[in-house]
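What follows is calculated from the coordinates using simple rules that are stated; it is not laboratory data. Here the structure is a predicted model, which means the values were calculated and not measured. All Cβ positions, even for glycine, are placed from backbone atoms using ideal geometry, and neighbour counts span all protein chains on display.
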Amino acid sequence: MADPLLVVRDLRTHFFTRTGVVKAVDGASFSVNRGEVLGIVGESGSGKSIAGFSIMGLVDPPGRVVDGAMTFDGIDLRALPDEEMRGLRGRRIAMVFQDPMMTLNPVLRIDTQMIEALTAHIRIGKADARARCRDALGMVGIPAPEERLSAYPHQFSGGMRQRVAIAIALLHEPDLIIADEPTTALDVTIQAQILYEVQNLVHTRDMAMLWITHDLSVVAGLADRIAVMYAGRVVETGPTEEIVERPLHPYTQGLIGSVPSRSKRGSKLRQIPGMAPSPLNLPEGCAFRPRCAYATERCGQSPADRELLPGRWGRCHHPLHLAAAGRPELAKP
Amino acid sequence: MTVFVIRRLLQSLLVMAVMSTLVFAGVFAIGNPIDILISPDATQAEYERAVRSLGLDLPLWEQYWRFLQNLADGELGISFVHHEPAIELILQRMPATLELAAVALLLSITVGIPLGLWAGLKPDSLAGRSIMVGSIFGFSLPNFWQGLMLIMIFAVMLDLMPAGGRGETAVFLGIESSIWTLDGLWHLALPAINLALFKTSLVIRLTRASVREVIGLDYVKFARAKGLSERRVVFVHVLKNIMIPVTTVIGLELGVMIAFAVVTETVFAWPGMGKLIIDSIFVLDRPVIVAYLTVIVVMFIIINLVVDILYSIFDPRVRLADVGA
């Protein structure tokens, strides 16, 4: 298999605030291949969005990427000069944001906002640029794209605005799309449509995609692989089906247990006890320790990221389901 | 839009009616101008003739009725002191005030917006902090004191600029103004700076606050994520959004600047409307006071209308026909 398109190793992004250092991302590792959707799942505040912004080089001060390596198609993103990073953004790495109502500039027309995305990277005539934008709008399912080009964002619904944002992200046919909860703010029916279209695009165009979400049920139907984040760290990665069926990390198990499903109708939903820790004051060792039913004294030391099963990595001293998978020796304390 | 303008004009008439009543009653209450106008050793007969010729012997309601009748003919009364139509006196002085206010406004925009942008984009830099500290001085030191200091430093100590008065005027594009001659500009500089200092500080602080607010919003981040240059992000995406609050305030402040250039005009002996109104108040020249206030109210109404129209240009979400103005 070819090298992954994007490799993130031990990324640390910290925010230096007055009250202390907020370790929003504190050792996240994952990789994405072409033609693959990687779902990054985690609760609010787990650092998943900041991880996405770190790749884009768009972390706002007082935040800063302090450590780790990010390699995109052989390019070291951290060592890249600003101007070259700008050249990658939007052209080879595109991003779609969470709230479609806030993504488009309210005082600029759609055509202005689309054409500037083109002319930021390539020389193109006005008429050609307009034609390309119109086609892009048509592709994401916006009716009468020619007329809609001259409209302002407030004349669109939320779902339509998100389609416009996706069309902008797709303008340069990027190699990687980072989607930060792009369907969270939408109706379920619109969400399903957009999910279907996005999946289609990724596979037909051999793009790679990072789908950042807190909604495990959305990502389960979409992603090829999943990375679960907790308190700034990726605690488990692996193929979607395997993770959903046999989670190795107790936190993943908790997440899956708290999703309502048909088979558990009528029974009480399980929830993870306690609250996610404040990134200002993370517990020593495994950050999930205070909420974990399997925690032992050993969890006071931070577990290393290791390959627990073929293709499945995790940070846990007491991974689950290993005995059944024929690796009981790894589960022992 | 047409409907909006018509409705706005009708509302303006109402405002004018209310204003004229208040002003007329107010001016009537503050004293008898006859005592100031005629010499103390005038005879009783002379006194009464003066009273009758000015119409001051009539009851208040009748004076007001006459005033309204004159107003309908476009007359705002004859100055007690100058024996000229009040409106003409004001219109003679208006260009001087307008050019002063216009230049001051231009200064506060061209200096205030760039400095505010800088302070908003780099709030922690030395320049950013210095700008903010400077702006505190700009609007907390009294205007007249700033004017006196400008005269002290540039006219008295350095002997670079004239201490007061209006310079030569010339006619260009059909407008007679002192901004077309070097001497005129030379005289205009200090008063314009004095009048602009406060507004510049206001524009700086407003621009900075708006930039700080807009810069963290998703659409600015999205603009960056598209790979736009920093210049385009700031000068198109940020600037166009902050122009909405900045336009509102600048528009309102322009009216204030014209109406209350009084202090600056007095300090620099600038022959504008502000100086005229102060002189008229001293001698209780009622027609001039009323006419001045009428002109100012009309000006505010026009400025507000223009600001509303500018609004719809800067913010596409505003549709004037829908505004319940």
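Quick one: net charge of A:E36's neighbours, Cβ under 12 Å, K/R +1, D/E -1?
That sum, taken over residues with Cβ under 12 Å, equals -1.
Which angle from 0 to 90°, rounded to the nearest 10, does the C-alpha axis of helix A:126-139 make with the longest principal axis of chain A?
The angle comes out near 50 degrees.
Packing-wise, with mean Cβ within 10 Å as the measure, how do A:214-226, B:188-200 rank, highest first?
With the highest mean Cβ count within 10 Å placed first, the list reads B:188-200, A:214-226.
Using only Cα atoms and rounding to the nearest 10 degrees, what angle (0 to 90) does helix B:273-282 make with the longest principal axis of chain B?
Between the helix axis and the principal axis of chain B, the angle is about 40 degrees.
With the contact rule set at Cα under 8 Å and sequence spacing of 6 or more, what percent relative contact order holds for chain A?
Contact order relative to length: 21 percent.
Anyone know which of B:W180, B:W270, B:W65 comes out most mobile in the 10 Å Cα GNM of chain B?
B:W65
Give me the angle, in degrees from 0 to 90, between the Cα long axis of helix A:188-205 and the longest principal axis of the Cα atoms of chain A, rounded to the nearest 10.
Orientation of helix A:188-205: about 80 degrees from the principal axis.
Under a Cβ-Cβ cut-off of 12 Å, what is the net charge of the residues other than B:M273 that fall near it, where Lys and Arg count +1 and Asp and Glu count -1?
Charge balance near B:M273 sits at -1.
Over 31 Å between Cα atoms, which of A:K268/B:K221; A:K48/A:K268; A:K48/B:K122; A:K48/B:K226; A:K48/A:K126; A:K23/B:K199 qualify?
In this structure, A:K268/B:K221; A:K48/A:K126; A:K23/B:K199 lie more than 31 Å apart at Cα.
With both partners inside the protein assembly as shown, how many of the DSSP beta bridges are antiparallel, as a percent to the nearest 5?
Around 65 percent antiparallel, to the nearest 5.
How many Cβ atoms of partner chains, on average, are near each residue of B:227-233 if near means within 10 Å of its Cβ?
That works out to 5 on average.
Could you work out the mean count of beta carbons from other protein chains within 10 Å of each residue's beta carbon in A:167-177?
Going residue by residue through A:167-177 and averaging, the value is 1.
Place a point 7 Å from Cα of A:I124 in the direction of its Cβ. Which residues in region A:150-174 have their backbone N less than 16 Å from it?
Flagged as within label range: A:150, A:164-174.
Can you tell which of B:D285, B:D218, B:D315 shows the greatest fluctuation in a Gaussian network model of chain B with Cα springs below 10 Å?
Ranking B:D285, B:D218, B:D315 by mean-square fluctuation puts B:D218 first.
What are the ³J(HN,Hα) values, in whole Hz, obtained from phi via the Karplus relation 6.51 cos²θ - 1.76 cosθ + 1.60 with θ = phi - 60°, for each residue of region A:90-102 in sequence order, with x given for Gly and Pro?
x, 8, 10, 10, 10, 9, 10, 9, 6, 9, x, 6, 10
For region A:123-148 and region A:155-234, write down the distance between their C-alpha centroids in whole Å.
21
Taking each residue in A:100-106, count the Cβ atoms of any other chain within 10 Å of its Cβ, then average. What number comes out?
6
What ³J(HN,Hα) values, in whole Hz, does the Karplus curve 6.51 cos²θ - 1.76 cosθ + 1.60 give for region B:292-300 when θ = phi - 60°, with x put for Gly and Pro?
4, 5, 4, 4, 5, 5, 4, 5, 4
Relative to the Cα centre, what is the charge dipole magnitude of region A:105-171, using +1 at the beta carbon of each Lys and Arg, -1 at the beta carbon of each Asp and Glu, and rounding to the nearest 20 debye?
The calculation lands at about 60 debye.
Over all alpha-carbon pairs of the protein assembly as shown, lay out the pair-distance distribution in 20 Å bins, whole %, shortest bin first.
15, 35, 25, 17, 7, 1, 0
Once you list every other residue whose beta carbon is under 13 Å from the beta carbon of B:I109, what net charge do they have if Lys and Arg are +1 and Asp and Glu are -1?
After counting each charged neighbour, the total is 0.
For A:A227, list long-range residues whose amide hydrogen, built 1.01 Å from N in the peptide plane, is under 5 Å from its own amide hydrogen.
Excluding prolines and chain starts, which carry no amide H, the hits are A:G39, A:I40, A:V41.
Which of A:M114, A:M229, A:M102 moves most in a GNM of chain A, Cα contacts under 10 Å?
A:M102
What's the center-to-center distance, using Cα atoms, between region B:103-165 and region A:50-72 in Å?
40
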